[in-house]
Amino acid sequence: MNHTAFDHQRVQVDDGVELNVATTGHGSPVVLLHGFPQTHLMWRHVAADLAADHTVIMPDLRGYGDSDKPADTGLTYAKRTMGADVVEVARALGHDRFALAGHDRGALVAFRTGLDHPRHVTHLASLDVLPTLDMWDVMRGTSAAIGFHLFLMAQPPGLAEQMIGAVPDAFFGHFLDIWSQKPFPEDVRAEYLRASREAVTSIVADYRASATIDVEHDTADRNAGALLEMPVTVLQQDWGAALGFDAEGLWRAWAPDLDHRTVSCGHFMAEEAPDVVSQAIRDLMKR
């Protein structure tokens, strides 16, 4: 499904790797990165709002949607690699500096991009995740069952792909249903299921990286005292209350210039509460 309001193009970001990139609007650039199990389509409402004042750039992450899905070498789906993709997409479209917002998996890519490429990322927004190290730290005890997929896809190659590939619509549809406070339009839900069904191996590789190479990169940065230098806005459900941690405190350790907001909608906030997300991004870009 191509949203009629978007222009679409293929952008080469690496040897033999092209991303499907949607764009709309005119003005200062903002890059929007989707989450799991979705595609750039999740930004359709937010992009329509931001397009009045901004050039909105929405890639399908490598391994997702209609972007290429290269075989995993261990670094292929590292957030460092995926962050370099983001910088290359913006550069190919004529933008050296840009604001960046990510949801879920895309927020982890945005986090890494902000750490690795502070010269390029002017503002950073994260929707409904914790940084990888903090996420693994808080996922313990019986409450960690909510993140069973994280542990499943962290396993060595083979079993997770086989299990998910056997019933992909049931697996991916489970998260679309339980993480949302209202149903998706049927055509949108069908598109997310199609895209995910065709990307089982690469989606698992993306998650596996978050239990391996991404942990190594984030640990090195934490030990070095690396910080996000740009203004940061975080929108989150109140997971801290449910799982017993201080979400704002965990984020502030990485992002001194932080605006942390708790939302009342479900996980898919760009579709459930697009006005809230759009306003938060607009507020961020004024800082």
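Structure summary
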read-out	value
Approximate shape of the range 187-282 as ellipsoid semi-axes (Cα gyration tensor, √5λ), whole Å, largest first	26, 23, 13
Prolate/oblate/rounded label for the range 204-244 (Cα gyration tensor, a/c 1.5)	oblate
Relative contact order [Cα under 8 Å, 6+ residues apart], the chain, whole percent	20 percent
Nearest-20 debye value, the chain charge dipole, Cβ charges on Lys, Arg, Asp, Glu	200 debye
Cβ-Cβ FRET estimate between Val215 and Ala5, R0 fixed at 35 Å, reported to 0.05	0.35
Taking the range 211-264 and dividing mean pair separation by its residue count, relative contact order in percent (alpha carbons under 8 Å, at least six apart)	43 percent
Å³ per residue enclosed by the Cα convex hull of the range 53-151	124 Å³
Antiparallel DSSP beta bridges within the range 7-135, as percent of all bridges there, nearest 5	45 percent
Using alpha carbons only: equivalent-ellipsoid semi-axes of the range 227-287, gyration tensor based, whole Å	19, 18, 6
Proximal lysines to Lys79, defined as alpha-carbon separation beneath 19 angstrom and excluding residues fewer than eight positions away on the same chain	Lys69
Average accessible area per residue (Å²) across the range 139-287 - probe 1.4 Å, nucleic acids and ligands excluded	47 Å²
Carbon + sulfur, % of accessible area of the chain - ligands and nucleic acids excluded, 1.4 Å	53 percent
Interchain or long-range residues, amide H under 5 Å from Val234's placed H	Ser126, Asp259, His260, Arg261
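The values are calculated or read from the model by the stated rules, or taken from the named source; none is laboratory data. A quick note: this is a predicted structure, and the numbers were derived from the prediction, not measured. Every residue, glycine as well, gets a Cβ built from its backbone with ideal geometry; the counts of neighbours run over all protein chains shown. In case anyone asks, the SASA skips ligands and DNA or RNA and just uses the protein heavy atoms, side chains included. Shrake-Rupley method; radii C 1.70, N 1.55, O 1.52, S 1.80 Å.
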